[in-house]
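Chemist: Here it is, the structure in full.
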Amino acid sequence: METAETRNRKDGSRPAKLSREVQARLGQQLRSLYDDVVNQGVPDRFTDLINRINVPGNQDGQ
Amino acid sequence: MDEAVRKAVLGAVPSLRAFAISLCGNVDRADDLVQETLLRALANIDSFQPGTNMSAWLFTILRNHFRSEYRKRRREVEDSDGRYAETLKSQPDQLGHVEFNEFRVALGQLPADQREALVLVGASGFSYEEAAHICGCAVGTIKSRVNRARTRLAELMSIEGTDDFGPDEQTRAVMAGGGE
């Protein structure tokens, strides 16, 4: 049975499709989180690791 | 190792870390995952096809390694010491601190396959086709996972329509270019 209460909730209770605004906002938050890590650059441990690696056939292993 | 290859690997590290953190939910374990990925990749660098996308190649190795070795331990100690938040030095100013944290928690609650699809497409900048290749599934599967991830995120954050944004949120969205 539909009551006034369920009618009031119906818009928000089960979104079939998110509005563009909501999607844009979620996307913005996701990129903020991700880019914050990206902007930290390459930690020394990885620069050292990559520079240290001596791949077979590599003459400038450094 | 070819200098161009070395540079390409180095250049991919920042986004590789970001992806690893989104999978592990813990910075220390994510960095271990990146380290193991790099060692594997460099040991098998001959199987990299020059001219193809180095990032996609590394993401594939990382994702497979995570699936086989890390997933069972996944997020069990998620940010127990608060290091994740601590690492995020420049908390996005345009987003409220509370809302930002809420988003991070909600993202961590998504099923792993939905989260990785959302991150690959929504943050790493891969196409649906590239994401499908990295995850070893069909393009349609990626699309559906991304859609389900967005819907679930909105549910978890109780954002179910534009009405749920308060006046402050709307103002901020407009100022950030998200509105009209």
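Derivation of every value follows stated rules applied to the coordinates shown; laboratory data play no part. Not measured: the values here are computed from a predicted model. When we count neighbours, we look across all protein chains shown, and the Cβ atoms used for this are built from the backbone with ideal geometry, even at glycine.
Chemist: For a quick check: sort B:143, A:17 by the number of other beta carbons within 10 angstrom, fewest at the front.
Modeler: Ranking B:143, A:17 by Cβ neighbours within 10 Å, fewest first, gives A:17, B:143.
Chemist: Okay, moving on. For B:159, B:61, what's the fewest-to-most ordering of other Cβ within 10 Å of each Cβ?
Modeler: B:61, B:159
Chemist: While we're looking at this one, here's another question. If you plug each phi of the range B:44-49 into the Karplus form 6.51 cos²θ - 1.76 cosθ + 1.60 with θ = phi - 60°, what whole-Hz ³J(HN,Hα) values come out, in order, with x for Gly and Pro?
Modeler: For the range B:44-49, the Karplus-derived couplings read 10, 4, 5, 8, 6, 8 Hz, x marking Gly and Pro.
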